[in-house]
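Asker: One structure follows; several queries about it will come next.
The values are calculated or read from the model by the stated rules, or taken from the named source; none is laboratory data. Remember, predicted model here, so these are calculated numbers, not experimental data. So basically every Cβ, Gly included, is an ideal-geometry build from the backbone, and we count neighbours across all protein chains shown.
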Ligand code: FES
């Protein structure tokens, strides 16, 4: 579902490909999540987010099922580095998996609004055909612009489809769909595993490569047991499991620290650490410097900690 929001005078604008944090109070608790802006900057100043209602997703369910025209929601400034340079030439290749289509759709619409000045191919993966967003619009754009091509690929095998239109991303599939892939400037967005596969296939081959993962790669952290986390400002000490993100651990303890993307991109959950060792859940590296900043969503406690919370 696409929602149009009318920002107030504090809004500083955005570039296609960026995201915002959206906050709504639901049953007395402020819930914040990140959404990609799915349209290019519009003449009427409104901004669009496209939301999929996910199982157990409090905010996505609220926005899809309960939100009404005229409701007021909180939004933060736009963030994200995966944007098109204002100048540049050479053919583009957008690779989208699942909800990774939303920022790429904004970028595609902004290129289309300029009359498609650069050849652009989009390859878009989904589990089943019903999960493709914007399918009609994408086919319409391809019919109107000779320089735009779209390929829909189902990740679930389907004997009725040619090989290149089914299955997870592979070298053979990409070479068939996009024979000049080495000349392309590539932008990829989707789940962590998809982005890592595409990076391994193309980062050193393509003209340039930019990507953004919507879900972090699952990391197995071997450490067991619990540690003490002291929240210095609250004067509270909690026992939290090693290996769990500090954000999830604090939420499990009934606290509601500020958060947005929950994957280390938006910085909303950043807080000061006064002492102790943390482990970065994406890179598995530890950080022991006293008086430093960390992001709760991608950090776990590797020793007792004192946080500025
Ligand atoms: S919630 Fe966005 S960086 Fe942690």
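Asker: Quick one: would you say residue 300 is touching a helix residue (DSSP H, G or I) at 6+ places or on another chain (Cβ under 9 Å) and more than 26 Å from residue 78 (Cβ to Cβ)?
Answerer: Yes, satisfied.
Asker: For segment 141-169, which residues satisfy the criterion of being out of contact with any helix residue (DSSP H, G or I) (no Cβ under 9 Å at 6 or more places or on another chain), surrounded by 12 or more Cβ atoms within 10 Å (Cβ to Cβ) and part of a helix (DSSP H, G or I)?
Answerer: 142 - this is the single residue of segment 141-169 that is out of contact with any helix residue (DSSP H, G or I) (no Cβ under 9 Å at 6 or more places or on another chain), surrounded by 12 or more Cβ atoms within 10 Å (Cβ to Cβ) and part of a helix (DSSP H, G or I).
Asker: Look through 279, 262, 295 and report the one residue that is crowded, with 19+ Cβ neighbours inside 10 Å, on the phi > 0 side of the Ramachandran plot and within 16 Å of the ligand (Cβ to nearest atom).
Answerer: Values: 279 fails: on the phi > 0 side of the Ramachandran plot; 295 fails: on the phi > 0 side of the Ramachandran plot.
Result: 262 is the single residue among 279, 262, 295 that is crowded, with 19+ Cβ neighbours inside 10 Å, on the phi > 0 side of the Ramachandran plot and within 16 Å of the ligand (Cβ to nearest atom).
Asker: Right, another one. If I filter segment 229-236 for residues that are away from the ligand (no atom under 16 Å from the Cβ) and either assigned to a helix (DSSP H, G or I) or buried (at least 19 other Cβ atoms within 10 Å of the Cβ) (or both), do I get at least one hit?
Answerer: Yes - at least one qualifying residue is present in segment 229-236.
Asker: Can you run down the residue pairs with Cβ atoms below 9 Å, 6 or more apart or on separate chains, where the first is in segment 285-306 and farther than 20 Å from residue 234 by Cα and the partner is near the ligand (Cβ under 10 Å from one of its atoms) and assigned to a strand (DSSP E or B)?
Answerer: The qualifying pairs are 287/294; 287/299.
Asker: Same structure again: Pull up segment 265-276, narrow it to residues that are surrounded by 14 or more Cβ atoms within 10 Å (Cβ to Cβ) and away from the ligand (no atom under 13 Å from the Cβ), then point me to the one that is nearest to residue 239 (Cα to Cα).
Answerer: Going through the qualifying residues, I end up with 276.
Asker: Tell me which of these residue 111 doesn't satisfy, since it passes every other one: (1) in contact (Cβ under 8 Å) with a residue 60 or more places away in the chain; (2) surrounded by 18 or more Cβ atoms within 10 Å (Cβ to Cβ); (3) more than 16 Å from the ligand (Cβ to nearest atom).
Answerer: (1)
Asker: Something else: With the requirement that a residue be assigned to a strand (DSSP E or B) and buried (at least 16 other Cβ atoms within 10 Å of the Cβ), what does segment 74-91 give you?
Answerer: 75, 79
Asker: If you don't mind, there's one more thing I want to ask. Tell me whether segment 257-280 contains one or more residues that are within 30 Å of residue 175 (Cβ to Cβ) and touching a residue at least 60 places away in the same chain (Cβ under 8 Å).
Answerer: Taking segment 257-280 as the starting set, the residues that turn out to be within 30 Å of residue 175 (Cβ to Cβ) are none.
No: zero hits.
Asker: With a cut-off of at least 1 residues that are within 23 Å of residue 257 (Cα to Cα) and touching a residue at least 40 places away in the same chain (Cβ under 8 Å), name the strands (runs of 3 or more DSSP E) lying wholly within segment 3-64. Explain how you work it out, then say what you get.
Answerer: Working: elements: 19-26, 29-36, 47-50.
In segment 3-64, the matching strands (runs of 3 or more DSSP E) lie at 19-26, 29-36.
Asker: Ok, one more. Answer yes or no as to whether residue 306 is modelled with pLDDT of 95 or more, away from the ligand (no atom under 14 Å from the Cβ) and surrounded by 17 or more Cβ atoms within 10 Å (Cβ to Cβ).
Answerer: Judged against the criteria, residue 306 is a match.
Asker: If we scan segment 196-211, do we find a residue that is within 21 Å of residue 277 (Cα to Cα), more than 16 Å from the ligand (Cβ to nearest atom) and in a strand (DSSP E or B)?
Answerer: no
Conditions tested, residue by residue: (1) modelled with pLDDT of 95 or more; (2) surrounded by fewer than 18 Cβ atoms within 10 Å (Cβ to Cβ); (3) more than 19 Å from the chain's Cα centre (by Cα).
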residue: 29; (1), (2), (3): no, yes, yes
residue: 32; (1), (2), (3): no, no, no
residue: 58; (1), (2), (3): no, yes, no
residue: 93; (1), (2), (3): yes, no, no
